[in-house]
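The values are calculated or read from the model by the stated rules, or taken from the named source; none is laboratory data. Predicted, not measured: the structure shown is a model, and the values here were computed from it. Neighbour counts are summed over all protein chains in view; Cβ atoms, including those assigned to glycine, are modelled from backbone coordinates with ideal geometry.
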């Protein structure tokens with residue numbers, strides 16, 4: 001009986017230690033320079049439905065079911081999706097727009113696991129006729145997800161998709 005108590009106590013102590021050292025938040029972003037002025041890039045970027053043309057997730061599930069509410073490109077516009085296991089299920093809502101500077105959105109993921117994140121796009125002049133676009137998202141890890149994040153690199157997992165999407169965006173806008 002004492003052996004069982006020691007084993008349970010050791011497991012609890014291990015969980016407490018892992019929870020204490022695990023990352024409590026994440027911040028993933030990637031950037032690209034597009035050879036077009038931000039007055040062309042920004043209006044295209046803020047239209048969520050345009051993501052169907054450059055988003056890597058649409059390519060992973062071209063048959064995903066999507067619904068939209070509100071006016072695209074305006075605060076409050078919501079895009080919801082239900083897709084295969086690669087894209088899961090969730091929604092994205094535009095929460096703020098600073099014209100020709102920044103678009104903020106709130107992401108809710110229901111599958112493959114429940115989580116919430118805040119996404120953003122920023123644009124800035126990079127030189128004559130060039131725009132630097134940053135695509136990123138941030139969030140908080142809640143217990144027990146914090147322990148999982150010790151073994152899962154969010155930057156590697158999502159960063160490559162951001163890179164692919166930004167390269168697709170660049171091709172479209174520079175064509």
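Of note:
- Given (1) surrounded by 12 or more Cβ atoms within 10 Å (Cβ to Cβ); (2) out of contact with any helix residue (DSSP H, G or I) (no Cβ under 7 Å at 6 or more places or on another chain); (3) touching a residue at least 60 places away in the same chain (Cβ under 8 Å), index of the condition residue 32 fails: (2)
- Hey, residue 133 at pLDDT 90 or above, touching a helix residue (DSSP H, G or I) at 6+ places or on another chain (Cβ under 6 Å) and surrounded by 17 or more Cβ atoms within 10 Å (Cβ to Cβ) or not: no
- Residue within region 18-25 that is in a helix (DSSP H, G or I), closer than 17 Å to residue 137 by Cβ and touching a residue at least 60 places away in the same chain (Cβ under 8 Å) present: no
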